[in-house]
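Scroll down for the structure; my scribbles are underneath it.
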Amino acid sequence: MLNQNLLLSKKDKIKLVRERDGFSCAICQKDFKVNSDVTLDHWIPRAAGGSEDISNLRLAHKKCNAWKSDRIPNEDGSIPPRPPRANYQDRRRRKREILESLCTDCYDGRLLLEGELCPYCGTPAGPEDWPHWAKRRANLCKHTPPEWCWACSIGIVDRKPVLLVLLEGE
């Protein structure tokens, strides 16, 4: 069965929701001053299984709708707070901790070829993934251990095994 609400235009949906709820924002409860500021909010977000049905739609200011994002409202209609995001210094500290925890000879197997073991930490080759922020741009990479760029990671540039670099030098 086809949902009749899908056939309605956005303007018609706003009109129906306005008749049902009045012309105020469902999030901040303030009246709208300009029609262009009106958006349709999916009260239960589509990402959480909400529908396009009129019963799931509310009017909201553009800023309020963006602020609510895909959070699911509480039973009382309030919006739960967002989890705190780590500030810049915390993210930088975490990156530094990750890099400092890696083996400096094989970068936890990322500089090893398949089947190799690091002679210092015993780590086998891998893993494939490497944090994007830790990769170097190919034009800045020397393509020798411990450098690491996208060209090194997918094999465009041949890399020597770490063991050979250690035995033969650069």
Surface share of carbon and sulfur [accessible, 1.4 angstrom probe, percent] for the range 1-87: 53 percent
Percentage of interatomic Cα-Cα distances in the range 47-93 larger than 17 Å: 51 percent
Extension gain from Ser78 to Ala66, taking 0.36 nm per residue of separation minus the Cα-Cα distance: 2.8 nm
Karplus-derived HN-Hα couplings along the range 26-34 (A = 6.51, B = -1.76, C = 1.60, θ = phi - 60°), whole Hz, x at Gly and Pro: 6, 9, 9, 6, 8, 6, 7, 9, 10
Amide proton proximity set for Leu112, modelled H, under 5 Å, gap of 5+: Gly126
For a label point 7 Å along the Cα-to-beta-carbon line of Arg85, residues of the range 29-66 with backbone N under 17 Å: 63-66
Binned Cα-Cα distances of the range 1-77, short to long, each 10 Å bin given as a whole percent: 19, 54, 25, 2
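The values are calculated or read from the model by the stated rules, or taken from the named source; none is laboratory data. Just so it is clear, the model here is predicted, and its values are computed rather than measured. When we count neighbours, we look across all protein chains shown, and the Cβ atoms used for this are built from the backbone with ideal geometry, even at glycine. Surface areas here come from the heavy atoms of the whole protein model, side chains and all, with no ligands, DNA or RNA. Shrake-Rupley method; radii C 1.70, N 1.55, O 1.52, S 1.80 Å.
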